[in-house]
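Note sheet for the following structure.
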Amino acid sequence: MTEELNKQETEQEETTATETVEETETVVAEEQTTEEATAEETAETLTHVFTGEVEGDVYTYDQLASPSDEYTDDEYNEMMGMYENTLNQIEEKEIITGRVASVDDKYVVIDIGFKSEGIIAVNEFPNSVLESMAPGDEVDVFLDRVEDKDGQLILSRRKADILQAWEKIEASHESATIIEGYIKRRIKGGMVVDVFGIDAFLPGSQIDVRPVRDFDAYVGKTMEFQVVKLNMAAENVVVSHRALIESDLEEQREEILETIEAGQVLEGAVKNITDFGVFIDLGGVDGLLHITDLSWGRVDNPNEIVQLDQRLNVAVIDFDEKSKRVSLGLKQLQPHPWEEIHAKYPEENKVQGRVVSIADYGAFVELEKGVEGLIHISEMSWTQHIKHPSQLVQKDDVVECIVLNINEDEKKISLGVKQLTSDPWADILERFPVGSKHDGVIRNLTNFGVFVELEPGIDGLIHVSDLSWTEKVEHPNEIVKKDQEIEVVILGVDFDNRRITLGHKQVQENPWTQYAKEYAPGASVEGEVVKATDKGAFVKLALGAEAFLSYGKAVEPEFKEGDKVEAFVLDFNEEAKSINLSQLDKDQKKAKEAKKKIEAADVETGAPTLGEMSGLAALKDKMEAEEKEAAAKKSTSKSSKKDTDEDSAE
């Protein structure tokens, strides 16, 4: 305020100085014109010439200062007192009331009862005031200086207005009275308000009790305010319109807080929307409507349910008297969707719903608001090995499913999709009986075997040991490849675990029966080296069997692939599926002796006695039992290994 007054004072001094210079120049010009006219008149007439003689009565200074002979001393002093009383006792830097003496295009002459009059530039008065201003009108002015350097009385109307405005603002702040202001423009954080010609700041949070979304809508409006902060030294004024609204709502707020209780249904307006819920204005009291209480169903964003300024009925869920916090609910005004749930969704009925969430273990389907069911990943397909539900469904997909089970206590519903179609495993043994032959397509190769698709959704496993009768297969890709068609035999069906065991070598008869006849110990053979190792060579024989010739039993120091080899069978093991060769003469003699013993054991020696028959029968039974036991153990071990391999693959 001081800076603004000083600015006005400087402008007034500059204006007065300019006017004084103009007046001085005018007076000098008039004097020069008078002197010139006098000289001309004297030169023309010369009718009167000063001679130094004194004409008339002559008075000294003391005589003029002494009381007049016409008045007594008392009368003189009384008249002097009356004159001095006509002069106002005035002080600088104050607002005083003056009277308009005259008005012209540039100045307004003001009489403040001082020995001289003051002048004020017309631009310090509003046009509306100037239009109706006339001599004799009273006006408040600011006495800047009693005399400037030229003896001029300095007055200001603008400074008087500013000082009066600050006095009104200060009085309003002290008494908490309501004032009016004009919102001029929007700035960062709020608005600029014209209050009695002073710019005040209106923070955005102090415009209304509700969050303001369109600040520009308030520009150009005249509103009532309360001064909430005032710093005269810094010329800082902060006003609030919200404070007036809150004071009006305080009585209503107290009334609501006295009567509010859980279970009441109140009407309110949506005041603000957040990620976690909605704030409802109940008429001076704000309540929180949490996102979980908006609807019985799943709500991702409160804007799906309500809009700003929307009026709606809400239920009071809880009221904390200490913190004055009010918890509200909207879904509580609707019937619970789980009422008569069994009647609405009977088990084994087909229903339709929307996928609202997907987890690793399944998909959640919304049947209606507040009622959701889970399609477990195991209930999605009879045949496909689904690793994640997103392979079949996506969020917001509308799907059909079957109600499998309802747990009303835990509010859970189990759903299934695969039940919409018949189970392909229901008649699997009819379509794929054990021992039957089928054509399939290789879908996957692993270290332990080959997965073959028999029909869409039905796969079987060929273990690596069931690929070939003759070849020692270390990895299936040595003899088969992916997408290749292959003929298989059904070896077994595990309905509980939904597994089918297949064999490829079983398509053909076991060649080792024929090998046993052709490759008895001591038999001479010819073959070709198909693989050479550090210990010996693998030789492929005429019937397709593969035999091993070690360097210790060979006459050649080393072999390479493609070499022709002549040898004899040293050892034949049908059970182990192995044939060992030798080129040494001493081994040939041993092999022939072994062959003779075998042949001798097979030759009948005549009719056996009863004792011999009984003894042989017992021996035969014992040998057969031992063979069956050994075969059972081997089969169990092999089956366990296959199951383990299948589990690892899945």
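The values are calculated or read from the model by the stated rules, or taken from the named source; none is laboratory data. Computed from a prediction, not measured in an experiment: that's the story for all the values here. We place every Cβ from the backbone using ideal geometry, glycine too, and count neighbours over all the protein chains shown.
Listing for the model above:
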item	result
Every residue from segment 424-446 that is loosely packed, with under 12 Cβ neighbours inside 10 Å and either in a loop (DSSP other than H, G, I, E, B) or among the small types (Gly, Ala, Ser) (or both)	ALA426, ASP427, PRO433, GLY435, SER436
Hey, ASP459 under 48 Å from the mean Cα position of the chain (by Cα), surrounded by 12 or more Cβ atoms within 10 Å (Cβ to Cβ) and either assigned by TED's automatic domain parsing to the domain that holds LYS531 or not hydrophobic (A, V, I, L, M, F, W, C) (or both) or not	yes
Cβ pairs under 7 Å, 6+ apart, first in segment 324-337 and within 8 Å of VAL314 (Cβ to Cβ), second assigned to a strand (DSSP E or B) and of a type in the set (S, T, N, Q)	LEU333/ASN313
Cβ pairs under 6 Å, 6+ apart, first in segment 360-375 and touching a residue at least 40 places away in the same chain (Cβ under 8 Å), second of a type in the set (Phe, Trp, Tyr)	LYS369/TRP296; GLY370/TRP296; GLU372/PHE364; LEU374/PHE364
Boolean, VAL450 is of a type in the set (A, V, I, L, M, F, W, C) and not in a loop (DSSP other than H, G, I, E, B)	yes
Spans of strands (runs of 3 or more DSSP E) in segment 197-263 with at least 3 residues under 27 Å from ILE280 (Cα atoms) and in contact with a strand residue (DSSP E or B) (Cβ under 9 Å, 6 or more places away or on another chain)	222-231
Long-range neighbours under 7 Å by Cβ, at least six apart or interchain, first residue among the aromatic types (Phe, Trp, Tyr) within segment 570-591, second surrounded by fewer than 20 Cβ atoms within 10 Å (Cβ to Cβ) and not in a strand (DSSP E or B)	PHE572/ALA516; PHE572/ALA520
Residues of segment 545-603 that turn out to be of a type in the set (Ser, Thr, Tyr) and at pLDDT below 75, as a count	0
Some residue of segment 151-166 being part of a helix (DSSP H, G or I) and surrounded by fewer than 18 Cβ atoms within 10 Å (Cβ to Cβ)	yes
Close pairs (6 angstrom Cβ cut-off, 6 or more residues apart or separate chains): exposed (fewer than 13 other Cβ atoms within 10 Å of the Cβ) in segment 385-412, part of a strand (DSSP E or B) and among the hydroxyl-bearing types (Ser, Thr, Tyr) anywhere	ASN405/SER414
Count - residues of segment 282-296 that are in a loop (DSSP other than H, G, I, E, B) and either surrounded by fewer than 18 Cβ atoms within 10 Å (Cβ to Cβ) or touching a Ser or Thr at 6+ places or on another chain (Cβ under 7 Å) (or both)	2
